[in-house]
Amino acid sequence: MSSSATEAKQQATFKVYRGDADNGEHHTYTVPVEEGMVVLDGLHHIQANDCPDLAVRWNCKAAKCGSCSAEVNGKPSLLCKTRMDALPLDEPITVTPLRAFPVMKDLVTDVSWNYEKNKQIKPFTPKNEDTDNWEMYQEDAERAQEFRKCIECFLCQDTCHVLRNHDKKANFFGPRFMVRLASLDMHPYDTEDRLSFIKDTAGVNYCNITKCCTEVCPEDIKITDNAIIPLKERVVDEYYDPIQGLLKMLGLKKARK
Amino acid sequence: MAVNAAELLRTDELGKTERNDIWWTEPLLVVSTLVIFSMYVFWAVTQNANFEVGPYLSPFYSPDLRHTFPALFAQFPWLSPAYLVLWIPLAFRGTCYYARRAYYRSFFLTPPACSVGPSQTASELYEGETKFPFVLLHLHRYFFILAAILAIFHWKHFMDAFFFEQGMGVGVGTVVVGIDALFLTLYVFSCHSWRHLLAGKLNCFTCGAFEKMRHTGWKNQSLLNEKHAQYFWLSLATVWFADVYIRMVASGQWRDVIYIFGQGFTTL
């Protein structure tokens, strides 16, 4: 017998949340580890061999669709982007659903709150409809291009403690929509004044800059530095800067419409 | 056995997490460092002694008010000049966007680390930066301007640190003061509010020559801004060491080696 045949294949122990919004528990499974395997492969192995009714949402398996968001060892992660060789295999791999949203079944959560918030944002409102004659230089486009990388996996929403721990969903739209609002507010052709919406409805100042959203973003968008802090500074210009406020009172600076 | 899902997946308990890494090291290090630093600063400024020697001035006592307003300090000899200036760097650091990340996590535990349960009290009271006193953090841009002026004074102290009683030269203290000025400058000018004032507030970077110039500055400053956290800690370390060094030399514990141009090595 060859040595490889006699060597036992490495095993990983998965502790997976099974249940719904009311009741659930962690089930333990053993999965053989293959080279290049990701956590989603392990869950597929469990579906194929142990429980075909394990609910897990996935689609592209290339970290581009944002479907397979869950928490691996307590960290919001894309299941298809979390490599097994990056995890300590001498202890169980815990896989649970996103904590910030209601569980539907097993690892699938109801993220529809995000789509409802998104509908409240007034879409791009250009100066004119003649989009064929627009000229836009790369310098002006690149900020929005970074924000357009967002795949709406909602990992940033899940890790944001304002939504996750303090349940301020009525006050704060979360990092994903700060990114969308930044891409609109910074657009040179957008005419909509969004600052009061950003401050009062979207609640930008509920963010306290802990930067967890940036840490989990699979597209490496610098959410805090490039979207949230610039929006906060714009809100400060309009609402909190005492000198700019005085200049507006004296009529030396135009107030935004 | 299936249990209540809300209980199993709850997130609102301090330290509750399924993370299996040592997430608590960062808040512990931040708290330890900032508490020890604050205690040292309090001690150093209340000493009101050993803060200058030869051409060197402790950065905690910059700008040099004692020699600018000698009558004031002769009348109130107990008054440490550091009391009058130290609020500027403290306010700049206290309102800094990176520092907020550090102290909200480490001191307020909101949250102590990503995906780790926060303090329940803080959770119940949490209003972000919408209410007093946290709303005052929005004044960061003004403390940036004051800190930028302070950085200019630090460079002046660096220039002064070449002029010894024996003549012009370079001492170890000159290098220490220079490194402090360098990292303070990098920390101050990598500021997020400065990034906004430079050009971040613009929607069009190419709509005029002035806007293009501002965009070039913004783009270069953005490279510095990416390292703002590192500069926060490096400048904290270098300003701390500069005070320790000058205090040790001033109290006679350490000898400062200097090279006087055209004369050779000597000590201070």
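The values are calculated or read from the model by the stated rules, or taken from the named source; none is laboratory data. Remember, predicted model here, so these are calculated numbers, not experimental data. Here the Cβ positions follow ideal geometry from the backbone for every residue, glycine too, while neighbour counts run over all protein chains shown. Side chains included, ligands, DNA and RNA excluded: accessible areas come from the protein's heavy atoms. Shrake-Rupley method; radii C 1.70, N 1.55, O 1.52, S 1.80 Å.
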Report in % the part of the accessible area of chain A that belongs to carbon and sulfur, leaving out ligands and nucleic acids; probe 1.4 Å. 49 percent
Write down the accessible area per residue of region B:31-147 in Å², having rolled a 1.4 Å probe over the full set of protein chains. 44 Å²
Which percent, to the nearest 5, of DSSP beta bridges fully inside the protein assembly as shown are antiparallel? 90 percent
What order, most packed first, do the peptides A:156-165, B:165-174 have when packing is the mean number of other Cβ atoms within 10 Å of each residue? A:156-165, B:165-174
Return the residues of region A:71-87 for which accessible area with all protein chains present is lower than in the chain on its own by 40 Å² or more; set the probe to 1.4 Å and exclude ligands, DNA and RNA. A:Asn73, A:Gly74, A:Lys75
Helix A:138-147: inclination vs chain A longest Cα principal axis, degrees, rounded to 10, gives 50 degrees
Select from A:Thr13, A:Trp58, A:Tyr239 the residue farthest towards the positive end of the dipole of chain A; place +1 on Cβ of Lys and Arg, -1 on Cβ of Asp and Glu, and compute about the Cα centre. A:Tyr239
Kindly provide the chymotrypsin sites (Phe, Trp or Tyr not before Pro) of region B:23-130 that DSSP labels as loop, not H, G, I, E or B, and whose Cβ sees at most 12 other Cβ atoms within 10 Å. B:Trp78
Which shape class, rounded, prolate or oblate, goes with chain B when its Cα gyration tensor gives a ≥ b ≥ c as root eigenvalues, a/c under 1.5 marks rounded, and past that a/b bigger than b/c marks prolate? prolate
A student applying the Cα gyration tensor rule (rounded when a/c is under 1.5; otherwise prolate if a/b is larger than b/c, oblate if not) would label region A:90-155 oblate
Would you give the gap between the C-alpha center of region A:88-132 and the C-alpha center of region B:198-268, rounded to a whole Å? 41 Å
Pairs from A:Lys117/A:Lys199; A:Lys117/A:Lys222; A:Lys254/B:Lys212; A:Lys149/A:Lys248; B:Lys131/B:Lys219; A:Lys169/B:Lys131 whose Cα-Cα separation, in the structure shown, is over 26 Å: A:Lys149/A:Lys248; B:Lys131/B:Lys219
Counting just the Cα atoms, what span does the protein assembly as shown cover along each of its three principal axes? Round to the nearest Å and put the largest first. 85, 69, 47
Along each principal axis of its Cα atoms, how long is region A:1-118 end to end? Whole angstroms, biggest number first, please. 60, 31, 23
Tilt of helix B:25-47 relative to the longest C-alpha principal axis of chain B, in degrees (0 to 90, nearest 10)? 30 degrees
For region B:204-268, diffusion coefficient by Stokes-Einstein and Kirkwood Rh (Cα), 10 °C, 1.306 mPa s, µm²/s: 100 µm²/s
Regarding chain A, what are the three Cα extents along the principal axes, ordered largest first, in Å? 88, 42, 30
Averaged over the residues of B:116-126, the number of partner chain Cβ atoms within 10 Å of each residue's own Cβ comes to 3
Quick check: the angle from helix A:175-185's long axis to the longest principal axis of chain A, C-alpha only, nearest 10 degrees? 30 degrees
Taking C-beta distances below 4.7 angstrom as the pairing criterion, name the unpartnered cysteines of chain A, in sequence order. A:Cys51, A:Cys68, A:Cys80, A:Cys150, A:Cys153, A:Cys160, A:Cys207, A:Cys217
Protein accessible area in chain B, 1.4 Å probe - carbon and sulfur %: 69 percent
I want the antiparallel fraction of DSSP beta bridges within region A:7-109, as a percent rounded to 5. 85 percent
Leaving out ligands and nucleic acids, note down the accessible area per residue over chain A with a 1.4 angstrom probe, in whole Å². 46 Å²
Taking amide H positions as placed in the peptide plane 1.01 Å from N, state which residues far from B:Phe164 in sequence (5 or more) or on other chains have amide H under 5 Å from it. B:Gly169
Can you give me the Rg/Rh ratio for region A:112-249, using Cα atoms for both radii and the Kirkwood formula for Rh? 0.98
Averaged across the residues of A:233-243, what count of C-beta atoms belonging to other chains lies within 10 Å of each residue's C-beta? 4
Checking an interface number: how much accessible area is buried between B and A, summed over both chains, with a 1.4 Å probe, in Å² rounded to 100? 4800 Å²
